[in-house]
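What follows draws every value from the coordinates through simple rules; no lab data is involved. Keep in mind that what you see is a predicted model, and the values were worked out from it rather than measured. Don't worry about glycine lacking a Cβ; one is built from the backbone with ideal geometry, like all the others, and counts go over all protein chains shown.
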Amino acid sequence: MTAELDAVVRARTDALAKAAAASTAGELAAVETEVLGRQSAIVELRRSLGRLEPEVRKAVGQAVNEAMGAIGDAVAARRRELDAADRAVRLEAERLDLTEFAPRRRRGHLHPFTAAWERLEDVFVGMGFEVAEGPEIETEWFNFGALNFPEGHPARESQDSLWVDWGAPGSTLLRTHTSPVQVRTMLAHEPPIYVVCPGRVFRQDTPDATHMPVFHQIEGLVIDRGISLGDLAGTLDSFVKAFFGGEFSSRLRPSYFPFTEPSAEFDVQRPDGSWLELGGCGMVHPNVLRAGGIDPEQWSGFAFGFGIDRFALTRHGVDDLREFWSGDSRFLSQF
Ligand code: PHE
């Protein structure tokens, strides 16, 4: 009897080892035929049961049945393992690598001035403004005349214009502010008008920490019926809260611009209580409305203008404007 039981144990051990060693589904199918098929050792043993004495047959028969069950389980378990591995390989092969085409190098980004410009535009567009742009080379009329700068008025000098050698002397210049776009917009569109005009402006200035001969402004212009100074203050305050956050507030301080009456400086208060001067604003002067072909009896409006570069400076805590112009990628790549 021990000889038969030994044979069963050997057949079982051998079958389990072969099933475990199969490394592909195909190999496993062959192993299955070999260890459980009609020619297999265990099936041979089952066939030979008839030749055994009845009392031996019972024990060996039981061992054969257990062995066949165990071999069947082992084959099934190995099949599940191989299927899972197969599936993993197939999924890996079919995986869509969405980063495949991403550049390996560090990606570039917008210049901090451009980023500030775009964020400002976004906030104003969110408040219902449209974006208008105008030329960087302007006529004296659009830059000064239409904006109510009197002939020979010192304010013209205060803007330190860069004149362009074109047409009559003193007729053409690099715009000193974005305000000429107000006049262009009024001439091109009937009110109501709600626009912001971002752009590059130019003044004769020696570069230092807070001045550059080229800088960026964003101008706002609203013309509608019954627009008041309260609307100006409210609009600017909503802008400040939308752009900087609810913990910021704003104030107006009396000032003077030829193209607005009354005029004001516009400051923003940071949560720590300190003030940041942002720019100028005021109610559009009736002479400017007339220059823009708009009847001051029917329409009124306000305008504001502030420097964009200063936003980037404040936002990033940089204290020298010139750094932003350095073109040094070691500096610019920090932002
Ligand atoms: N254009 C003015 C400047 O450059 C700013 C400003 C715009 C003031 C609109 C009032 C209204 O200083």
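The table for this structure:
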item	result
Highest average packing first - 64-72, 173-181, Cβ atoms within 10 Å	173-181, 64-72
Cα gyration tensor shape for segment 275-321, rounded if a/c is under 1.5, else prolate or oblate	prolate
DSSP-loop chymotrypsin sites (Phe, Trp or Tyr not before Pro) across segment 149-197, with at most 13 other Cβ within 10 angstrom	W166
Distance between segment 9-69 and segment 279-335 - C-alpha centres, whole angstrom	89
Gain in span if fully extended, S23 to R315, counting 0.36 nm per residue against the direct Cα distance	99.0 nm
Under 5 Å, built H, 5+ apart or other chain: amide partners of L162	L174, Q204
Magnitude of the charge dipole, the chain, Cβ model with Lys/Arg +1 and Asp/Glu -1, debye to 20	1840
Full-extension gain in nm, R10 to Q39, via 0.36 nm per residue minus C-alpha separation	8.9 nm
Restricting segment 56-152 to chymotrypsin sites (Phe, Trp or Tyr not before Pro) in coil, as DSSP defines it, with at most 14 other Cβ within 10 Å	F101
Under-5 Å amide H pairs with T260, H placed in peptide plane, nonlocal only	H285
Segment 134-142 - phi-based ³J(HN,Hα) in whole Hz, Karplus 6.51/-1.76/1.60, Gly and Pro as x	x, x, 7, 9, 10, 8, 4, 5, 5
Helix-only CD estimate at 222 nm, as mean residue ellipticity for the chain, using -39500 (n - 2.57) per DSSP H run (n ≥ 4)	-14000 deg cm²/dmol
Prolate/oblate/rounded label for segment 112-332 (Cα gyration tensor, a/c 1.5)	oblate
Value of relative contact order over the chain, rounded to a whole percent, pairs C-alpha under 8 Å and six or more apart	14
Built amide H within the under 5 Å cut-off of S250, gap 5+	Q269
Where GluC sites (Glu not before Pro) fall in DSSP loop in segment 223-291, at most 15 other Cβ within 10 Å	E247
Projected label distance in nm at R290 and R200, using a 7 Å step from Cα toward the beta-carbon	3.6
Which of H211, H111 has the fewest Cβ neighbours within 10 Å, and the rest in rising order	H211, H111
